[in-house]
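**Student:** The structure follows.
Every number here is computed from the coordinates shown, using simple stated rules; none is lab data. Because the structure is a prediction, the values reported are computed rather than measured. Note that each Cβ is placed from the backbone with ideal geometry, even for glycine, and that neighbours are counted across all protein chains shown.
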Amino acid sequence: MTEYLWLVYAILSAVMAAFVSVFGKIGLQGLDANTATVIRAIIMALFLVAVMVVQRNFSHITEILTNKKAITFIILSGVAGALSWLFYFVALKYGKVSQVAPVDKLSVVIAAVIAVLFLGESVSLLSASGIGLITVGIIMVALG
């Protein structure tokens, strides 16, 4: 079962991401998207700190902060995530969830390409075909 644990969490992530889109679209009506994103980020931070407290993971803070490579890439990931959400909420404000959410998932294709080019990961023919189909599907959604 543990060999498929990643899939369970990935599906849960996708379900929660879908709710982010729908709840975000409803919440953005008549509001500034960037301010709403900041408030959302504060709520996320407080929630995640609560999770860390419940799990008693305080010892990991020093471990992460003293690892220069890790903290550098965690910071870069945080900035990229913040920019992603700023752009995403502005897109939701002006576009349809049914179009914005799938186009946002172009990140799947971009991440796979970057993983192959810079992380040395390999992609099977079946996976490459799936990535190609995702790309075609996103183009169809964007144009439709």
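**Student:** Rounded to the nearest 500, what is the chain's calculated 222 nm mean residue ellipticity when only DSSP H runs of at least 4 contribute -39500 (n - 2.57) each, over all residues?
**Tutor:** Using -39500 (n - 2.57) per qualifying helix, the result is -28500 deg cm²/dmol.
**Student:** What's the lysine pair count for the chain at a Cα cut-off below 25 Å, pairs eight or more apart or interchain?
**Tutor:** Taking the chain as the scope, the lysine pair count is 5.
**Student:** For the pair Val8 and Val136, what calculated FRET efficiency results from E = 1/(1 + (r/R0)^6), where r is the Cβ-Cβ distance and R0 = 22 Å, to the nearest 0.05?
**Tutor:** 0.20
**Student:** Given a 10 angstrom Cα cut-off, can you work out which residue in Lys25, Lys68, Lys105 is the most mobile in a GNM of the chain?
**Tutor:** Lys68
**Student:** What FRET efficiency comes out for the pair Leu106/Leu86, r = Cβ-Cβ distance, R0 = 25 Å, nearest 0.05?
**Tutor:** On the way: r = 17 Å, r/R0 = 0.67.
The computed FRET efficiency comes out at 0.90.
**Student:** If you wrap a convex hull around the C-alpha atoms of the chain and split its volume per residue, what is the figure in Å³?
**Tutor:** Working: hull volume 22.0 nm³, N = 144.
That works out to 153 Å³ per residue.
**Student:** Using Cα-Cα distances under 8 Å and only pairs 6 or more residues apart, what relative contact order does the chain have, in percent?
**Tutor:** The normalised contact order for the chain reaches 28 percent.
**Student:** In µm²/s, what is D for segment 1-76 at 20 °C and 1.002 mPa s, where D = kT/(6 pi eta Rh) by Stokes-Einstein and Rh is the Kirkwood radius from Cα pairs?
**Tutor:** 139
**Student:** Which of rounded, prolate or oblate describes segment 50-122 when judged by the alpha-carbon gyration tensor and an a/c cut-off of 1.5?
**Tutor:** oblate
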